[in-house]
1. Whole angstrom only: what separates the Cα centroid of the stretch 262-293 from the Cα centroid of the stretch 132-192?
2. In deg cm²/dmol and to the nearest 500, what is the mean residue ellipticity at 222 nm of the chain if only DSSP H runs of at least 4 residues count, each as -39500 (n - 2.57), divided by the residue total?
3. With a Förster radius of 56 Å, plug the Cβ-Cβ distance of residue 256 and residue 220 into 1/(1 + (r/R0)^6) and report the FRET value to the nearest 0.05.
4. When the chain is treated as a GNM, springs tying every alpha-carbon pair under 10 Å, which of 326, 266, 77 comes out with the largest mean-square fluctuation?
5. With r as the distance between the Cβ atoms of residue 66 and residue 196 and R0 = 30 Å, compute the FRET efficiency 1/(1 + (r/R0)^6) and round to 0.05.
6. Over the residues of the stretch 247-293, compute the C-alpha Rg and express it relative to 2.2 N^0.38 Å.
7. When a footprinting reagent is the concern and you count Cβ atoms within 10 Å, what order do 180, 350, 150 take, fewest first?
8. What's the percent breakdown of Cα-Cα distances in the stretch 107-157 across 5 Å bins, shortest bin first?
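Taken together, the values in this text are just the output of simple stated rules run on the coordinates, not laboratory data. Every value quoted in this text rests on a predicted model; they were computed, and no experiment measured them. Methodologically, a virtual Cβ is constructed for each residue, glycine included, from the backbone with ideal geometry; neighbour enumeration extends over all protein chains shown.
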């Protein structure tokens with residue numbers, strides 16, 4: 001069997017995982033606004049859905065990396081799928097109990113599964129083929145993550161915001177159906193992975209110049225070290241912007257939550273299209289330069305958003321999804337490139353950077369509570385300025 005054919009089916013299966021965690025992450029944006037109204041809590045308090053989800057990445061990324069180093073990618077993926085399904089199905093009893101605290105616990109368990117999946121799937125996608133096309137391959141896999149993130153706002157708009165009653169009981173019960181369905185789907189995917197042979201790739205064989213990396217410690221690789229910070233800021237900015245999109249658009253346009261969630265779904269379609277477009281452009285533009293150009297564009301767009309110019313600012317926020325589409329996979333691929341036998345550990349640390357999604361939304365929520373939602377967007381604007389530097393310069397340091 002050729003190398004290409006050997007990697008094809010595993011790559012397709014791994015790509016399906018990107019869809020699953022895309023749904024889980026984009027559902028947070030719906031939950032944020034939903035519980036602000038159902039439980040009458042502040043913007044900063046509702047950001048706890050991001051805190052427990054992205055906090056789980058920070059706590060579980062290193063254990064996931066060590067688990068995979070000992071047992072391999074396949075078992076790491078299976079562990080992630082089981083945790084994901086368990087957390088999703090736990091949503092039913094905790095919402096029946098109408099407990100905000102227990103609901104956050106269920107989200108935390110689900111997110112522990114996401115941490116395993118991302119720690120395994122991201123580097124696995126980069127090594128399932130030639131090293132020269134690792135960034136392009138990861139962007140292709142992440143394009144299907146874009147399909148997943150579209151479903152979150154759509155499902156939320158139909159099931160969560162579609163509820164006619166605003167009582168606490170109905171507010172909790174409205175989130176049960178989507179999580180029961182996704183929990184069962186994830187269990188089926190786990191069964192499929194269990195019975196499918198998956199190659200265990202030795203990353204050190206894919207390094208072009210092994211001698212240049214021999215004996216070097218992980219953090220001595222500057223492109224990796226700067227990638228951890230870049231991912232920390234990238235996911236933090238994403239958590240802020242995605243999480244408060246509904247707040248911003250309802251405030252700016254005076255539309256309903258359901259209308260705003262459908263508008264966000266359109267943004268996610270743009271996001272998905274951006275992933276495919278970015279994958280295509282990387283044939284002609286070096287990935288690190290494309291990341292730099294895209295991040296500079298994001299800074300310009302977010303400055304328009306902070307200006308609060310009505311429909312123009314909402315339009316800029318929609319276009320943001322196009323340029324933000326490639327940031328996560330490109331930062332990840334640039335960060336782990338040529339790490340050789342350090343790839344799994346390096347992947348863990350970059351995934352730990354996802355904790356930015358737990359750190360920054362409460363800060364942005366507090367800024368919004370004390371000033372305005374538009375003003376709060378200056379925070380992610382500054383964060384993308386660093387990412388632009390990483391693309392142009394930091395990713396090229398050795």
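1. 21 Å
2. Details: 18 runs with 308 residues, N = 398.
So the calculated ellipticity at 222 nm is -26000 deg cm²/dmol.
3. Values: r = 53 Å, r/R0 = 0.94.
Efficiency, rounded to the nearest 0.05: 0.60.
4. 266
5. On the way: r = 24 Å, r/R0 = 0.80.
Result of the calculation: an efficiency of 0.80.
6. Details: Rg = 15.4 Å, N = 47, 2.2 N^0.38 = 9.5 Å.
Dividing the Cα Rg of the stretch 247-293 by 2.2 N^0.38 Å gives 1.62.
7. Working: 180 14, 350 28, 150 22.
Listed from fewest to most nearby Cβ atoms, that is 180, 150, 350.
8. Binned Cα distances yield the sequence 5, 18, 18, 22, 18, 11, 6, 2, 0.
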